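Only the coordinates and a few stated rules stand behind these numbers; no lab work does. All of these numbers come straight from a predicted model, not from anything done at the bench. Neighbour counts run over all protein chains shown; Cβ positions are idealised from the backbone, glycine included.
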Amino acid sequence: MAKTMPARLLVVDQDARYGEWLKHHLGVLLPESTVSALHLSDFERWSHELSGRDCDVLMLAAPFGSSPEDPQAQGLELLRQLREKPHFPAVIAVAEEGNELTAVRALQLGAVDYLPKRLLTPERLKTSVRLALRMIEKRVALLNPEKIGLGLTVFVSIETSDHSGSWLQRFAEFVSAMPEVMEFYRMAGDVDYMLRVVVADMAAYDLFYKRLIDAIPLRNVTSRFAMQRVKSTTAFALPVADAKPSRAVTSP
């Protein structure tokens with residue numbers, strides 16, 4: 001498996017001493033990573049130019065108010081702004097004020113975790129950062145599987161002679177449980193099923209293929225190997241009633 005790049009972390013806080021405490025412990029947890037700090041007032045201006053690629057994990061220490069409607073809930077407003085960015089970093093909310101209601105709202109707005117500032121410990125910080133890093137790994141795997149050593153994409157067309165409900169149930173359960181299968185469709189036309197399979201290399205696909213044909217009788221299996229990914233996105237273009245250009249919405 002390909003080695004992942006060290007994460008880039010940004011600590012945002014209006015308390016310089018607390019920000020340095022966070023920065024120190026993050027440096028201990030992730031010695032190979034880059035950890036930067038920014039004052040909360042500077043971040044508000046800087047976030048307008050944030051592309052989302054400038055950091056991987058954002059530790060956002062800010063007031064989260066007494067309710068989601070609280071005008072003093074600065075942290076929630078910053079999360080709303082970040083959510084509009086094309087690439088949303090993994091955000092850990094560190095709440096100076098807040099409660100269960102603001103915690104739920106922060107998570108709904110995309111925060112990976114919500115930590116009350118007064119209760120934060122190095123161990124709790126470690127758990128939260130690991131959660132954020134796992135989310136980043138999943139995003140990398142979704143958008144660029146080659147970076148984690150999965151360099152071969154195969155489109156597999158399947159034809160079967162058995163169209164009974166019992167056969168379909170058994171086939172669907174078996175194929176759905178195969179981790180290499182990223183997408184699985186029942187088709188209309190000259191093939192019955194289509195799979196998108198992602199594996200490391202040809203040897204890995206050969207093992208997958210043998211498991212597939214050994215498990216369930218199939219009439220024909222055709223494999224087509226992708227040479228280049230020209231476009232890959234998780235955004236859907238929503239239809240609009242007027243003639244204005246459609247806007248894309250990223251799926252969760």
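Brief remarks on what is shown
- Positions within the range 153-166 being of a type outside the set (Ser, Thr, Tyr) and either crowded, with 18+ Cβ neighbours inside 10 Å or without any contact (Cβ under 8 Å) to a residue 40 or more places away in the chain (or both), in sequence order: VAL154, VAL156, ILE158, HIS163, GLY165
- Residues of the range 62-100 satisfying the condition of being under 24 Å from the mean Cα position of the chain (by Cα) and part of a helix (DSSP H, G or I): GLY75, LEU76, GLU77, LEU78, LEU79, ARG80, GLN81, LEU82, ARG83
- Looking across the range 175-210, the residues that are part of a helix (DSSP H, G or I) and either exposed (fewer than 14 other Cβ atoms within 10 Å of the Cβ) or among the aliphatic types (A, V, I, L, M) (or both) come down to VAL175, SER176, MET202, ALA203, ALA204, ASP206, LEU207, LYS210.
- Some residue of the range 125-134 being surrounded by fewer than 16 Cβ atoms within 10 Å (Cβ to Cβ) and either over 22 Å from the mean Cα position of the chain (by Cα) or outside any helix (DSSP H, G or I) (or both): no
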